[in-house]
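A.B. asks: I have a structure I would like to understand better, so I am pasting it below and will then ask my questions one at a time.
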Amino acid sequence: CALPICKMDAMFRKSLADLVRGLRANKKNEEQYINKCIQQIKDELKLQNKKAKMVAIQKLTYLHMLGYDISWASFNMIEVMSQPSFTAKRIGYLAASQTFTDETDVLMLATNLFKKDIGSSSPYESGLAINCMANVCNTDLARDLAPDLVALLSSSREYVRKKAVLVLYKVFLKFPQALRPAFPRLKEKLEDPDQSVVCAATNVICELARKNPKNYLSLAPILFKILTTSTNNWMLIKLVKLFGSLTPLEPRLAKKLVEPLSNIMNSTSAMSLLYECILTCTVGLTAHGSIIRLCISKLRLIIEDPDQNLKYLGLLALNKLMAIAPKAVQEHKDTVLNCLDDEDITIRFRALDLVIGMVNKR
Amino acid sequence: FFWVEMIKSVLIINNHGKVRLSSFYEHYTAQEQQQLIREVYQQLTKRSDYACNFLETTGGKWGKDTKLVYRHYATLYFIFCVDESESELGILDLIQVFVEALDKCFGDVCELDLIFKMDLAHYVLDEIVMGGMVLETNLTDIVEAVQSQNNLQNQEDPLSGIKNAIEKVQR
């Protein structure tokens with residue numbers, strides 16, 4: 001045979017599809033087959049061949065999904081992430097995202113790689129690195145890369161801005177000192193021309209506010225403006241949740257929200273958004289009788305809907321209303337008692353919770 | 001500060017309990033992951049198709065105040081395990097977006113597509129959920145991002161097997 005050895009090897013090397021086919025053909029001795037494959041993969045990782053390493057890591061990621069530990073290959077994953085090809089990076093970063101923890105020691109070697117890829121002129125290459133950071137970020141990476149990520153908030157590509165905004169939440173979690181200097185830039189993103197970027201910024205601030213609501217009260221005016229102008233349901237849901245964190249601290253804000261929230265509740269066709277408004281009212285607008293009455297009437301529609309999902313959410317919301325409007329909850333006593341017999345354990349659980357609450361109120 | 005995930009995990013499990021895609025946004029060992037997958041399957045397989053799409057897992061290994069939001073399509077369960085910061089109905093809609101995105105990226109997706117191209121399914125998910133947070137909900141933008149990246153791969157290696165045309169892998 002005239003082919004050199006390495007080309008012959010390449011012909012016989014298993015691709016991911018070959019591995020999967022092999023698994024399907026070896027159902028009776030799957031573990032044996034997999035162990036054989038892992039041995040082959042270990043040999044492939046010793047080769048100097050970039051493509052072989054890339055495919056090896058691809059196969060390992062699949063085996064990881066089946067429950068096999070592949071952390072021994074972390075260094076090889078970084079090798080593949082470091083290859084210039086987009087294909088290799090896609091594979092390497094996926095493997096790392098799936099398996100690295102903040103204790104993975106090879107992560108120390110990856111700072112410059114992340115820095116380079118984050119700053120890539122290709123938005124998708126940058127996106128791969130940012131996505132991986134969102135999954136594996138540790139304190140050191142957060143501290144070292146925060147400036148690079150904040151710089152991306154000014155990228156001309158909304159795709160990059162969106163991802164950079166969202167990953168900052170992880171950076172702040174791991175390295176809280178990054179928050180203060182980055183905050184003005186994050187705040188600017190609430191007025192970004194692209195809706196997805198604004199949504200990401202709202203998401204991050206929503207999560208930050210859950211922990212420290214009073215630090216974000218100053219954003220109320222701009223958040224209010226988005227609330228009254230946005231038509232994006234996802235954004236509105238996050239905003240309404242965010243106001244749920246803020247209103248208990250500031251009664252004047254609660255008063256201002258009565259009108260826009262009532263408008264949303266009366267006009268939206270999205271149950272998800274209506275429901276979120278009701279929840280926020282039960283948390284922060286309890287002093288405002290008119291909107292609470294509106295919540296109760298909307299809740300009646302939700303609970304009486306034949307859709308099981310709405311029944312479940314209705315019961316959840318009733319539970320929250322119990323403290324504020326116990327009589328209104330009592331009116332639904334019969335519906336709740338019926339739910340105790342529902343086939344669905346999720347519904348029964350919620351109904352039981354409510355019944356206990358109703359009995360205790362007496 | 002502590003790691004609090006909004007979306008803790010995304011799973012695709014078939015009717016027989018075999019996992020077709022698993023993403024964990026919180027840190028669990030490989031063993032814990034398999035255990036969680038088994039438990040999720042056992043809980044879901046007991047539920048009728050008329051039951052609601054939510055299952056509370058409070059008290060389980062996921063941590064407190066977590067729920068499974070899921071949809072059952074033919075042979076597959078699509079499951080998002082979420083905490084209280086997520087809108088249940090919103091996530092239910094997002095599962096629909098995920099499935100539609102898979103459909104557009106694979107061309108009429110079926111279970112066999114997911115089996116052979118698990119990594120492509122991950123790439124689709126990565127444009128929707130990043131680090132346990134919702135990144136993008138617009139189907140067009142999601143699909144465009146995936147296909148642009150597929151094109152980059154294709155340019156590097158036309159024989160790579162990543163194609164945007166409707167082409168099924170040889171079974």
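A.B. asks: What's the center-to-center distance, using Cα atoms, between segment A:256-274 and segment B:107-122 in Å?
C.D. replies: 39
A.B. asks: Oh, and also: Output ³J(HN,Hα) for segment A:88-102: one whole-Hz value per residue in order, computed from phi by the Karplus curve 6.51 cos²θ - 1.76 cosθ + 1.60 with θ = phi - 60°, and x for Gly and Pro.
C.D. replies: Ordered by residue, 3J(HN,Hα) equals 5, 4, 4, 5, x, 5, 5, 4, 5, 4, 6, 10, 6, 10, 6 Hz.
A.B. asks: Right, next: What lysines does A:Lys333 reach when the alpha-carbon gap must be under 24 Å and sequence neighbours fewer than 8 apart in one chain are set aside?
C.D. replies: A:Lys298, A:Lys311, A:Lys320, A:Lys361
A.B. asks: Another question, then. Could you state the accessible area per residue of chain A in Å², with a 1.4 Å probe and every protein chain left in place?
C.D. replies: Solvent-accessible surface per residue comes out at 44 Å².
A.B. asks: Let me ask you something else. When Lys and Arg each count +1 and Asp and Glu each count -1, what net charge do the other residues less than 12 Å away from A:Phe172, Cβ to Cβ, add up to?
C.D. replies: Net of charged neighbours comes to +4.
A.B. asks: Next question, about the same structure. For chain A, find the longest principal axis of its Cα atoms and tell me its angle to the long axis of helix A:179-188, 0 to 90°, nearest 10.
C.D. replies: With rounding to tens, the tilt is 70 degrees.
A.B. asks: Relative contact order of chain A, please, whole-number percent, based on alpha carbon pairs below 8 angstrom and at least 6 residues apart.
C.D. replies: Across chain A, relative contact order equals 7 percent.
A.B. asks: Calculate what fraction, in whole %, of the accessible area of segment B:105-150 sits on carbon and sulfur atoms when a 1.4 Å probe is rolled over the protein chains.
C.D. replies: 43
A.B. asks: Each residue of segment B:110-116 in turn: what ³J(HN,Hα) in whole Hz from Karplus with 6.51, -1.76, 1.60 and θ = phi - 60°, glycine and Pro shown as x?
C.D. replies: 9, 4, 4, 4, 5, 5, 7
A.B. asks: Considering only protein heavy atoms, with the full assembly of protein chains and a 1.4 angstrom probe, order A:His288, B:His16 by accessible area, largest first.
C.D. replies: The ordering from most to least exposed comes out as B:His16, A:His288.
A.B. asks: Same structure again: For chain B, what is the mean residue ellipticity at 222 nm derived from helices alone (per DSSP H run of n ≥ 4: -39500 (n - 2.57); sum divided by total residues; nearest 500 deg cm²/dmol)?
C.D. replies: Result for chain B, helices only: -12500 deg cm²/dmol.
A.B. asks: Roughly how many Å is it from the Cα centre of segment A:25-43 to that of segment A:67-96, as a whole number?
C.D. replies: Spelled out, the Cα-based centre of one part sits 20 Å from the other.
A.B. asks: Using a 1.4 angstrom probe on protein heavy atoms only, which residues from segment B:83-103 are buried by at least 40 Å² of accessible area when all chains are present rather than their own chain alone?
C.D. replies: For segment B:83-103, once contacts with the other chains are taken into account, B:Ser85, B:Ser87, B:Glu88, B:Leu89 lose 40 Å² or more.
A.B. asks: Excluding ligands, DNA and RNA, what is the accessible area buried between chains B and A, summed over both sides, using a 1.4 Å probe, to the nearest 100 Å²?
C.D. replies: So the total buried area for this chain pair works out to about 5900 Å².
A.B. asks: Let me ask another. Taking H as built 1.01 Å from N, whose amide H comes closer than 5 Å to the amide H of B:Arg20, not counting residues under 5 places away?
C.D. replies: B:Ile12, B:Ile13, B:Asn14
A.B. asks: So how tilted is helix A:50-65 from the main axis of chain A? Cα-based, degrees 0 to 90, rounded to 10.
C.D. replies: Long axis of A:50-65 versus the principal axis of chain A: about 40 degrees.
A.B. asks: In nm, to one decimal, how far is the modelled label at A:Lys327 from the one at A:Ser290, with both set 7 Å along Cα→Cβ?
C.D. replies: 2.0
A.B. asks: Using a 1.4 angstrom probe on the protein heavy atoms only, could you order A:Glu276, B:Glu156 from most to least accessible area?
C.D. replies: Ranked from most to least accessible, the order is B:Glu156, A:Glu276.
A.B. asks: If you don't mind, there's one more thing I want to ask. As a test of the formula, what do you get for chain A when each DSSP H run with n ≥ 4 contributes -39,500 (n - 2.57) and the sum is divided by the residue count, at 222 nm and rounded to the nearest 500 deg cm²/dmol?
C.D. replies: Here the helix-only value at 222 nm equals -23500 deg cm²/dmol.
A.B. asks: Right, here's the next one. For chain A, set up a Gaussian network in which alpha carbons nearer than 10 Å are linked by springs, and say which option among A:Lys89, A:Lys53, A:Lys27 fluctuates the most.
C.D. replies: Fluctuation is largest for A:Lys27.
A.B. asks: For segment A:156-168, in order, what is each residue's ³J(HN,Hα) by Karplus, 6.51 cos²θ - 1.76 cosθ + 1.60 with θ = phi - 60°, in whole Hz (x at glycine and Pro)?
C.D. replies: Ordered by residue, 3J(HN,Hα) equals 6, 9, 5, 4, 6, 4, 4, 5, 5, 4, 5, 5, 4 Hz.
A.B. asks: With every protein chain kept in the model, how would you rank A:Lys115, A:Lys311, A:Lys255 by accessible area, 1.4 Å probe, largest at the top?
C.D. replies: Result, largest first: A:Lys255, A:Lys115, A:Lys311.
A.B. asks: Please give the length that would be gained between A:Leu301 and A:Arg24 if that part of the chain were fully extended, namely 0.36 nm times their separation in residues minus their C-alpha to C-alpha distance (nm, one decimal).
C.D. replies: So the chain would gain 94.7 nm between A:Leu301 and A:Arg24.
A.B. asks: Right, something else. Could you please state how large a percent of the accessible area of chain A is carbon and sulfur, counting protein chains only and using a 1.4 Å probe?
C.D. replies: About 53 percent, which is the carbon plus sulfur part of the accessible surface.
A.B. asks: Sort segment A:244-284 into rounded, prolate or oblate with this rule: let a ≥ b ≥ c be the square roots of the eigenvalues of the Cα gyration tensor; rounded if a/c is under 1.5, and if a/c is not under 1.5, prolate when a/b is larger than b/c, oblate otherwise.
C.D. replies: Oblate shape, in that a/c is at least 1.5 and b/c is the bigger or equal ratio.
A.B. asks: Distance between Cα centroids, segment A:111-142 to segment A:189-219: provide it in whole Å.
C.D. replies: 22
A.B. asks: Counting Lys and Arg as +1 and Asp and Glu as -1, what is the net charge of the other residues whose Cβ lies under 13 Å from the Cβ of B:Glu88?
C.D. replies: Net charge in that neighbourhood comes out at -3.
A.B. asks: Points 7 angstrom from Cα along the Cβ direction at B:Glu56 and B:Glu100: gap in nanometres?
C.D. replies: Label at B:Glu56, label at B:Glu100, 3.1 nm between them.
A.B. asks: Now for a separate question. Give me the net charge of A:Leu45's neighbourhood, meaning all other residues with Cβ under 11 Å from the Cβ of A:Leu45; Lys, Arg count +1, Asp, Glu -1.
C.D. replies: +1
The values are calculated or read from the model by the stated rules, or taken from the named source; none is laboratory data. Since the structure is predicted, the reported quantities are computational estimates derived from the model, not experimental observations. Reconstructed Cβ throughout: ideal geometry from the backbone, glycine too, with neighbour counts over all protein chains shown. Side chains are part of the model used for accessible areas, which takes the heavy atoms of the whole protein and leaves out ligands, DNA and RNA. Shrake-Rupley method; radii C 1.70, N 1.55, O 1.52, S 1.80 Å.
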